[in-house]
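One structure is given below, encoded as structure tokens.
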Amino acid sequence: MDETAEPLPERMATDLDDGFTELVRVHASAVHAFLLRVTGNAAEADDLGQETFLRAYTALQGYSAERRSALRPRAWLMTIATNVWRNHVRTCIRRPVAAAPVEESCESWPDEGPGPQEHAETAADRALLVAALARLPERARVAVVLRHVVGMSYAEVAEVQGCPVGTVKAQVSRGLSVLRELLEPEVALLREVTM
Amino acid sequence: MNRGGEWTPQPESGVEAALAGLAGPAPGDFAARVLQRVGIPRDRYDMYLHLEAPAGGLYVAYGAQAVTGAALGRTLAGPQAFEEAHRARTGRSAIPTTRPLPGLRTALRTGRAKSLVIDLPELTEAERAALDAVRTIPRGQLRPLAWVAREAALPDDAPVTEALVANPVPLLIPCHRVTFDNGGPCDLRYGPIVGAVLRKAEGIDDALVGLSRSGTAFLGSDTTRIYCHPTCAHARRITPPHQVPFRSARAAREAGYRACKSCRPIAA
């Protein structure tokens, strides 16, 4: 893993509060970026990020020192974050009475699709990409974000997703081709015509 | 921000590059709020932020009550470099925040940081005494190494230079106001260029530094018969016709002058 986080598990094993603080310092940005790109909503990413670390801390309290020192922090945190997010989405679907902004973001991701004006502004705009990401199916979205936004290796992503490395590679590549099609409709159209 | 080191961006098509561009740092106080919510005691970690200051701004880290470290923006690659340097020096994590310690902004704006609480447990007794003496040098004034050693009640310059090289809180501990005993600026912590920027921001003009360098160690007034360090507030009030330059305290004493009681030049 990265050099800054190398002694992190040992630190968590010897002194939980100190180790956890370091865990937050090193990985808070990655967890937040992951949740932001997966949910597409800054307020939600913030809440779920807090929830992720709270769960991580509670779990660490119950772990033995050996278990803590054997941990691979980034993949472990991302697993928690993914589960927190999935639970959140499920809760929102089952209880649609939730507050308006949450409801919006959970039930109608793709609705914020780019209008013609946005198309006009910048073709390769971030907003377009974010909207396109929101259209990917859950597992593919998680895989693509972990691999290309957070920058984890395929092996780490496989650990988070709980599936073989090959499956992750397929998810990522399929996800990317869907993204490309969403971003460049003309190209996709052309391919359909020629095929 | 890609904090992991193992992923190297290959030459990729547009989508991958654009996706990598979507990773940004978390909002300023996200990590701090996480720790607060989880309930980690405040004395277990430091918080830090980047404040407006000359020479690239100042990163300031602080614990529950006191400032514990700082670094000038120009001497560092970025916030992550500061976090790692702080961790290496103090063994404590520095968590980004957006709210400064009370009094910090004022201290930086006015250049008067004397009353700010600074806690440096990793230094030796002598080094701390030397830095405490450095902190008493008023804004816009210069003092030689020997003066710092005398004020800190240290037998010689050695611990003073050590403390100045180490100075973990530059700018708030104004080591740019210390000169060598010959009057030349003594920028041991960050080099002469940054030191010159800091002095200029305080209005220490090069003419005064030059005055000391040309051999004038003290400035006396022939109306009051008192001699001062040339940058002392009292020395600056002496009108040019009444300025009497001295090469040493002995020369001033022999001319019948007494030492200023506010800048306390060494009565050699």
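Tell me, yes or no, whether region B:183-204 has at least one residue that is farther than 27 Å from B:Ala126 by Cα and modelled with pLDDT under 85.
Yes, that holds for at least one residue.
With respect to B:Val244, determine if the residue is in a helix (DSSP H, G or I) and either touching a residue at least 24 places away in the same chain (Cβ under 8 Å) or under 24 Å from B:Ala53 (Cα atoms) (or both).
Here the answer is no, as B:Val244 does not meet what is asked.
If you check A:Glu66 against the conditions, is it assigned to a helix (DSSP H, G or I), more than 11 Å from chain B (Cβ to nearest Cβ), over 22 Å from B:Arg44 (Cβ atoms) and modelled with pLDDT under 90?
For A:Glu66, the condition - assigned to a helix (DSSP H, G or I), more than 11 Å from chain B (Cβ to nearest Cβ), over 22 Å from B:Arg44 (Cβ atoms) and modelled with pLDDT under 90 - is met.
Under the condition of being of a type in the set (Gly, Ala, Ser) and surrounded by fewer than 24 Cβ atoms within 10 Å (Cβ to Cβ), which residue from region A:12-28 is nearest to the other protein chains (Cβ to nearest Cβ)?
Restricting to residues being of a type in the set (Gly, Ala, Ser) and surrounded by fewer than 24 Cβ atoms within 10 Å (Cβ to Cβ), the top hit is A:Gly19.
Just for helices (runs of 4 or more DSSP H) wholly inside region B:131-205: which have at least 1 residues that are hydroxyl-bearing (Ser, Thr, Tyr) and either more than 11 Å from the chain's Cα centre (by Cα) or more than 18 Å from B:Cys228 (Cα to Cα) (or both)?
B:158-166
For region B:220-242, which positions are under 14 Å from B:Ala255 (Cα atoms) and β-branched (Val, Ile, Thr)?
Passing the criteria: B:Thr223, B:Thr224, B:Ile226.
Which residue, of A:Val168, A:Val157, is touching a Leu at 6+ places or on another chain (Cβ under 7 Å) and either within 14 Å of chain B (Cβ to nearest Cβ) or modelled with pLDDT of 90 or more (or both)?
A:Val157
The values are calculated or read from the model by the stated rules, or taken from the named source; none is laboratory data. Because the structure is a prediction, the values reported are computed rather than measured. No Cβ is skipped: glycine too gets one built from the backbone with ideal geometry, and neighbour counts run over all protein chains shown.
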